[in-house]
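Asker: The structure's right below; bear with me while I get my questions together.
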């Protein structure tokens, strides 16, 4: 069994989702949103770091997957998003988790079937794929979609006998 923590980073809200993967079966464990205070960016980054670490300590994932920064019309917003990602990644790395990164289009493609999917489509498919009683919030659904994308990648890599490459330069033979 592999437990995966998915992260959808944001400078105002950061989504997280935890799933278990055993063979071909994927099971929902938990998800939620880390709501950030209206304080300075460094204070918000600290909240992301501490809360992601708390999720890791509570649920003990084996791996972590994070959505990459997407292109934004506002460079300042993209920079803040990148810093939020960094805080989440550092939380994972300090807990010695391998961290994989996925582009938003790749996440949507793996869960919905098209990289141009709308948020509502991602929510709907995450609900269906994980047999949830209701649709998760957008941020939690995006984080669960990142975790599902990583699960699919691990399954495909294992079937092909490939190594998985993580952001820290580590590889894991499947």
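Asker: Scan region 147-163 and report the pairs whose first residue is in a helix (DSSP H, G or I) and whose second residue is modelled with pLDDT under 90, with Cβ atoms within less than 6 Å and a gap of 6+ or a chain change.
Answerer: As it stands, the answer is 157/164; 157/174; 158/174, since those pairs meet every condition given.
Asker: With (1) under 16 Å from residue 8 (Cα atoms); (2) modelled with pLDDT under 90; (3) part of a helix (DSSP H, G or I) as the list, and residue 83 as the residue in question, which single condition is left unmet?
Answerer: With respect to (1) under 16 Å from residue 8 (Cα atoms); (2) modelled with pLDDT under 90; (3) part of a helix (DSSP H, G or I), residue 83 is out only on (2).
Asker: Could you check residue 55 against (1) surrounded by 20 or more Cβ atoms within 10 Å (Cβ to Cβ); (2) touching a residue at least 40 places away in the same chain (Cβ under 8 Å); (3) in contact with a helix residue (DSSP H, G or I) (Cβ under 8 Å, 6 or more places away or on another chain) and say which number it fails?
Answerer: (3)
Asker: Could you list, in sequence order, the residues of region 91-136 that are part of a loop (DSSP other than H, G, I, E, B), without any contact (Cβ under 8 Å) to a residue 60 or more places away in the chain and either more than 28 Å from residue 49 (Cα to Cα) or out of contact with any helix residue (DSSP H, G or I) (no Cβ under 7 Å at 6 or more places or on another chain) (or both)?
Answerer: Within region 91-136, 96, 103, 113, 114, 115, 116, 117, 118, 133, 134 meet the criteria.
Asker: Still on this structure: Any residue at all in region 35-51 that's surrounded by 14 or more Cβ atoms within 10 Å (Cβ to Cβ), at pLDDT 95 or above, out of contact with any helix residue (DSSP H, G or I) (no Cβ under 6 Å at 6 or more places or on another chain) and closer than 17 Å to residue 3 by Cα?
Answerer: Within region 35-51 (the criterion being surrounded by 14 or more Cβ atoms within 10 Å (Cβ to Cβ), at pLDDT 95 or above, out of contact with any helix residue (DSSP H, G or I) (no Cβ under 6 Å at 6 or more places or on another chain) and closer than 17 Å to residue 3 by Cα), the answer is no, since none of the residues qualifies.
Asker: OK, next. Consider residue 66 carefully, then state whether it is outside any helix (DSSP H, G or I) and either crowded, with 22+ Cβ neighbours inside 10 Å or modelled with pLDDT under 90 (or both).
Answerer: Yes, satisfied.
Asker: Hey, could you check region 1-34 for residues that are without any contact (Cβ under 8 Å) to a residue 24 or more places away in the chain and part of a strand (DSSP E or B) and say which is surrounded by the most Cβ atoms within 10 Å (Cβ to Cβ)?
Answerer: So, considering only residues that are without any contact (Cβ under 8 Å) to a residue 24 or more places away in the chain and part of a strand (DSSP E or B), the one surrounded by the most Cβ atoms within 10 Å (Cβ to Cβ) is 34.
Asker: Looking at the structure I just gave you, is residue 77 in contact (Cβ under 8 Å) with a residue 12 or more places away in the chain, crowded, with 20+ Cβ neighbours inside 10 Å and assigned to a helix (DSSP H, G or I)?
Answerer: Spelling it out, it is not the case that residue 77 is in contact (Cβ under 8 Å) with a residue 12 or more places away in the chain, crowded, with 20+ Cβ neighbours inside 10 Å and assigned to a helix (DSSP H, G or I).
The values are calculated or read from the model by the stated rules, or taken from the named source; none is laboratory data. Predicted, not measured: the structure shown is a model, and the values here were computed from it. Note that we place each Cβ from the backbone using ideal geometry, even for glycine, and neighbour counts take in every protein chain shown.
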